[in-house]
Amino acid sequence: MAAADAAGIAREAREGALGLIRQGSVGRARAILMEGLASVRAHATGDADETLLLAALVQLAAVELTERSLELALYEIGRATTRSPAVARLESLARVALLALRGDSDRALAMADVLGRVEDPELEALRQGARAMAARTGRLEREEQVLRDVEVWARDNDAPLVRCKLRQWQGWAAYTRGEYDEAVALLEDALELAIDPRTRMAALNSLAEACVEAGHYDRAFAAAAEARALAAQYRHPFHEAWAEAVLRFAAYRTDRADGVDEELVKAAAELGHTSLEAQVNLNEGAVAWRRGDIATAQRLIRNAHRLWRDVGNLPGALLTRAFLLALGEETDAATVARLHEHARESDKPGVALQTLGLLVLGAPPHAAAVADAARRLAARIPPRYRNIRREVASVAECLRWIDEAMS
């Protein structure tokens, strides 16, 4: 710190941290902000300095993209020396982002609407991003409405960062609808609009994951490898973990995974991001299952099931419960009936079809009961994607399991 007084240190800490946040250097940014907050609180420079640093801490948490970082921001907000309206709004914003990250879409969207527009453009971009993230895990029609609202806001804020984020949100909306090639095109646009390492990392990882679903594996490997190198350079744990996970997703789907990556499973547990941890456990469990290591597969799929169940991610919890059934775990008729019912009502046909396919793999007598629902789900998936392996299995595999059980 070059400033000669405590108030100057606070201003310098905020400016220095925001510059590092734009680079994606989250560890260094956190160190500076915590020193700045300590200085403000020790020397009582004023509520305004503390609020500015707390706002930067919320921005940092949004860029770190882990539940732990948002919980730490909420902890520091709870220690604020004043409970001004500005501090209360920061607390609400951080809670919206945390709920969205955990997949609690109903509460996140409701709280975001109550909070309303935030004056600071970057904090408002955070709120809009949390709304878009929350909508992805909820009902499809609500996601479309939220995205329309976000697009209206983005047209009034035509900054490069906003244009990049909008393309990412539009890409993820297409991804959720199962329109993977459209998602890839939109996310390639987002990558072109990326203005700094922070936005480039996010765009690369988003693009890589969409390419995996579209079956563009060479592009997926290349984009994820670039994201991993960039994240390692700037020491961004989440983006490095996400890139590593996407590389593993692509390896599983192309039969290049020659064993379970236990090191990645352990690292994901320490990251503080429930959804990514669950995805890693599901992927590595599927790798173990394909290799005939049922005990390891059961352990990893139980982990994924627990994680998704605890945060209320119904599609993920149903898929992993059906997978456990296919892996030989016993269940009762009521659970099987619930799996069938929820899968039939799902607006995510790919996950729902895999749920039914795995259910039949574990309980063949139910094939006749789920066959019609499975075929209706398959009909909603474009033909070009039907032979592409998804989280566990392809459309073609699931339908084959059902047909074989009925023959």
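Computed values, structure above
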{"item": "Any hit, region 160-174, residues being modelled with pLDDT under 85 and of a type in the set (Gly, Ala, Ser)", "result": "no"}
{"item": "Matching residues in region 67-97 - criterion: being surrounded by fewer than 22 Cβ atoms within 10 Å (Cβ to Cβ) and under 22 Å from PRO315 (Cβ atoms)", "result": "GLU67"}
{"item": "Residue that is modelled with the lowest pLDDT [pool: residues in region 32-55 that are part of a helix (DSSP H, G or I) and polar (S, T, N, Q)]", "result": "SER39"}
{"item": "TRP308, sole failed condition from (1) within 24 Å of ALA396 (Cα to Cα); (2) among the aromatic types (Phe, Trp, Tyr); (3) open to solvent by 10 Å² or more (accessible area, probe 1.4 Å)", "result": "(1)"}
{"item": "Subset of region 132-146 [open to solvent by 20 Å² or more (accessible area, probe 1.4 Å) and at pLDDT 80 or above]", "result": "MET133, GLN145"}
{"item": "Residue tally, condition aliphatic (A, V, I, L, M) and within 21 Å of ALA297 (Cβ to Cβ), over region 219-245", "result": "1"}
{"item": "Qualifying helices (runs of 4 or more DSSP H) (wholly inside region 171-240; at least 3 residues being surrounded by fewer than 18 Cβ atoms within 10 Å (Cβ to Cβ) and over 16 Å from the mean Cα position of the chain (by Cα))", "result": "180-193, 217-234"}
{"item": "Condition check for ILE21: modelled with pLDDT under 90, touching a helix residue (DSSP H, G or I) at 6+ places or on another chain (Cβ under 9 Å), within 18 Å of LEU101 (Cβ to Cβ) and open to solvent by less than 10 Å² (accessible area, probe 1.4 Å)", "result": "yes"}
{"item": "Yes/no for ILE402 being under 27 Å from THR254 (Cβ atoms), open to solvent by less than 60 Å² (accessible area, probe 1.4 Å), touching a residue at least 24 places away in the same chain (Cβ under 8 Å) and within 24 Å of the chain's Cα centre (by Cα)", "result": "no"}
{"item": "Residue ID - most open to solvent (accessible area, probe 1.4 Å), chosen from residues in region 340-357 that are without any contact (Cβ under 8 Å) to a residue 40 or more places away in the chain and more than 24 Å from the chain's Cα centre (by Cα)", "result": "ARG344"}
{"item": "Tabulated pairs, region 153-180, first more than 30 Å from SER346 (Cα to Cα) and of a type in the set (Lys, Arg), second open to solvent by 40 Å² or more (accessible area, probe 1.4 Å) and assigned to a helix (DSSP H, G or I), C-beta under 8 angstrom, 6+ apart or interchain", "result": "ARG163/LEU193"}
{"item": "Considering residues of region 241-257 that are over 19 Å from the mean Cα position of the chain (by Cα) and of a type in the set (A, V, I, L, M, F, W, C) only, the residue modelled with the highest pLDDT", "result": "ALA251"}
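The values are calculated or read from the model by the stated rules, or taken from the named source; none is laboratory data. Everything quoted here is computed from the prediction, not taken from an experiment. Reconstructed Cβ throughout: ideal geometry from the backbone, glycine too, with neighbour counts over all protein chains shown. Heads up: the accessible areas ignore ligands, DNA and RNA and are worked out on the full protein's heavy atoms, side chains in. Shrake-Rupley method; radii C 1.70, N 1.55, O 1.52, S 1.80 Å.
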